[in-house]
Amino acid sequence: MVPKTTLALVLAAVAASSVAIPVSYAQEGGLASMHTWRREAGKTCMADHWHYGSSGSHSSRPAAQRAAIRSWQDFTQLEYGRAWAYFSRAQSRKVNCSRSNAGWSCDVEGRPCRR
């Protein structure tokens with residue numbers, strides 16, 4: 001699992017990058033071609049590349065899990081387009097949630113797949 005601070009730095013670097021990724025490029029697969037793909041369970045999946053998402057504190061576990069999945073999907077869509085950005089299609093999915101005094105938080109990971 002990637003620490004939240006590392007994920008935040010990566011997201012900040014992407015956002016601050018002077019190289020813009022055109023929306024049409026992302027919708028056509030974006031950066032997906034730089035990774036190795038393989039067929040699994042009737043889908044095309046990244047063979048060895050994971051994406052991560054996390055949530056801040058939420059009042060319930062379901063809310064924290066939804067926020068972490070949304071984080072995973074938003075970043076995956078930015079890089080590869082909508083076809084790759086469904087956490088429900090990802091392989092090697094993991095969801096880890098914990099509760100603290102501040103509330104529930106979750107981290108998710110998975111290898112992006114498309115139909």
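Each reported figure results from applying straightforward, stated rules to the coordinates on display, with no laboratory input. Quantities reported herein were computed from a predicted structural model and do not represent experimental measurements. Note that each Cβ is placed from the backbone with ideal geometry, even for glycine, and that neighbours are counted across all protein chains shown.
Among strands (runs of 3 or more DSSP E) entirely within segment 28-89, having at least 3 residues that are within 11 Å of residue 111 (Cβ to Cβ) singles out 37-40, 43-46.
Which members of segment 95-115 meet the condition of being of a type in the set (Lys, Arg) and touching a residue at least 60 places away in the same chain (Cβ under 8 Å)?
Hits for segment 95-115 are 111, 114, 115.
Is there a residue being at positive phi and either of a type in the set (Lys, Arg) or surrounded by fewer than 21 Cβ atoms within 10 Å (Cβ to Cβ) (or both) anywhere in segment 39-57? Among the residues of segment 39-57, at least one is at positive phi and either of a type in the set (Lys, Arg) or surrounded by fewer than 21 Cβ atoms within 10 Å (Cβ to Cβ) (or both), which makes the answer yes.
Is it the case, given these coordinates, that residue 81 is in contact with a His (Cβ under 9 Å, 6 or more places away or on another chain) and of a type outside the set (Phe, Trp, Tyr)? When the stated conditions are applied, residue 81 does not pass them.
Taking segment 66-85 as the range and being in contact with a helix residue (DSSP H, G or I) (Cβ under 8 Å, 6 or more places away or on another chain) and without any contact (Cβ under 8 Å) to a residue 24 or more places away in the chain as the test, only 73 passes.
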